[in-house]
Amino acid sequence: MKMFSANLALLVVVVGCSVYGSANGTVVESCGATRSLVPIEENTVDISNCEVGPCKLKRRTTVSINQKFTPTEDIKNLDTTVFAKIVGLPLPFIGVDGTSACPFLFAEDGETKLGCPLKAGVPVTYRRSFDVLEIYPKIPSLTVHWELQTKSGKTITCFEVPAKIV
């Protein structure tokens, strides 16, 4: 059961991280209970091959996430909090949850490495991708919670999207 939970958590991370490429963006929701410093706006998050949820996370593929935001204050470091809500239970994405977001931060062009610290008013692109492994179980309904926060726990951005592993 423990190995299944770890694999499921990793799969969820992969699902949550799969964004990049849609010109129109992916329809995501702001996190209800979490107040983001930078609100999620239309067309700021792209999940590969997903414009409207539930996003289908196909096993044996790579999913990418591309999120654009502009910090409203200077930020020294940024961490990633990612989990899947399955039947109301949060399962962390192993390998992504609790890791630094800094290596995945780029300038507005999405190509120029930016890293941390971030400056207020300077647009940022967060890019991350993961493999959806064949060993992941098929899950017909889950919600991916994706959050970037400071070391002190202040939420900078946060979104949720319905998904399924196919």
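The values are calculated or read from the model by the stated rules, or taken from the named source; none is laboratory data. Because the structure is a prediction, the values reported are computed rather than measured. Every residue, glycine as well, gets a Cβ built from its backbone with ideal geometry; the counts of neighbours run over all protein chains shown. These area figures cover heavy atoms from the full protein model, side chains too; ligands, DNA and RNA do not enter into them. Shrake-Rupley method; radii C 1.70, N 1.55, O 1.52, S 1.80 Å.
Would you mind calculating the relative contact order of region 43-104 from Cα pairs under 8 angstrom and at least 6 residues apart, reporting the percent as a whole number? So the answer I get is 27 percent. Of the GluC sites (Glu not before Pro) found in region 91-166, those in coil by DSSP whose Cβ has at most 10 other Cβ atoms within 10 Å are GLU111, GLU134. For region 114-157, the solvent-accessible area with a 1.4 angstrom probe is 46 square angstrom per residue. Note on exposure: ASP97, ASP131 ranked by accessible area (1.4 Å probe, complete protein assembly) read ASP131, ASP97, with the most exposed listed first.
Per residue, how much space in cubic angstrom lies within the convex hull of the C-alpha atoms of region 104-166?
Working: hull volume 8.2 nm³, N = 63.
Looking at region 104-166, the number lands at 130 Å³ per residue.
Computed with a 1.4 Å probe over protein heavy atoms only, the accessible area of ILE139 comes to about 20 Å².
When the surface is traced with a 1.4 Å probe over the full set of protein chains, LYS151 keeps roughly 140 Å² accessible. The share of accessible area on region 80-166 that comes from carbon and sulfur is 60 percent, using a 1.4 angstrom probe.
Using the alpha-carbon positions of region 51-166, Rg (one decimal) and Dmax (whole number) come out as 14.8, 42 Å. A 1.4 Å probe over all protein chains sorts ARG128, ARG60 by accessible area into ARG60, ARG128, starting with the largest.
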